[in-house]
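Throughout, read-outs are computed from the coordinates displayed, never taken from laboratory work. Given the structure is predicted, the values throughout are model-derived calculations rather than measurements. So basically every Cβ, Gly included, is an ideal-geometry build from the backbone, and we count neighbours across all protein chains shown.
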Amino acid sequence: MSFIKENQKERFRFIDQWAEYIRTHDDKEWSQQQNVIINSCVRTASMTKEQYLAMKGKQKRRPQS
């Protein structure tokens, strides 16, 4: 199976699992988890490249001479 098809299957499996989780858990529980993810994305999106790399503990690459 090609990488693209396998990736698509994995995405569909995740969607099915998430839909099942939403159906079987309290709204407050799963919405709090989504809130953490969304807030993290918003914080990361407003960071500069340097701030993001510092948060990840990575240093900027220096060009090799």
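Candidates 38, 25, 51 compared by Cα position along the dipole of the chain: farthest toward the positive end lies 51, with charges placed on Cβ.
Determine the calculated [θ] at 222 nm for the chain from helices alone, applying -39500 (n - 2.57) to every DSSP H run no shorter than 4 residues and normalising by the residue count; nearest 500 deg cm²/dmol. So the helix-based figure for the chain works out to -25000 deg cm²/dmol. Relative to the Cα centre, what is the charge dipole magnitude of the chain, using +1 at the beta carbon of each Lys and Arg, -1 at the beta carbon of each Asp and Glu, and rounding to the nearest 20 debye? Its charge dipole is roughly 660 debye.
Can you work out the FRET efficiency for the pair residue 54 and residue 18, with r the C-beta to C-beta distance and R0 = 35 Å, to the nearest 0.05?
Result of the calculation: an efficiency of 0.65.
Converting phi to 3J(HN,Hα) with the Karplus coefficients 6.51, -1.76 and 1.60 and the offset θ = phi - 60°, region 22-29 yields 4, 5, 9, 10, 4, 3, 4, 5 Hz in sequence order, with x at every glycine or proline. The aspartates and glutamates within cross-link reach of residue 9, meaning a Cα-to-Cα straight distance under 18 Å and a gap of 8 or more places when in the same chain, are 20. Using the Karplus relation 6.51 cos²θ - 1.76 cosθ + 1.60 with θ = phi - 60°, the per-residue 3J(HN,Hα) values for region 3-14 come to 4, 4, 5, 5, 4, 5, 4, 5, 4, 5, 4, 4 Hz, with x marking Gly and Pro.
In this label model, residue 3 and residue 47 are separated by 2.6 nm, measuring between points 7 Å along each Cα→Cβ vector. Here are several values of Rg/Rh (Cα atoms, Kirkwood Rh): (1) 1.18; (2) 1.35; (3) 1.24. Which one was derived from the coordinates shown? Correct label, based on the coordinates given: (1).
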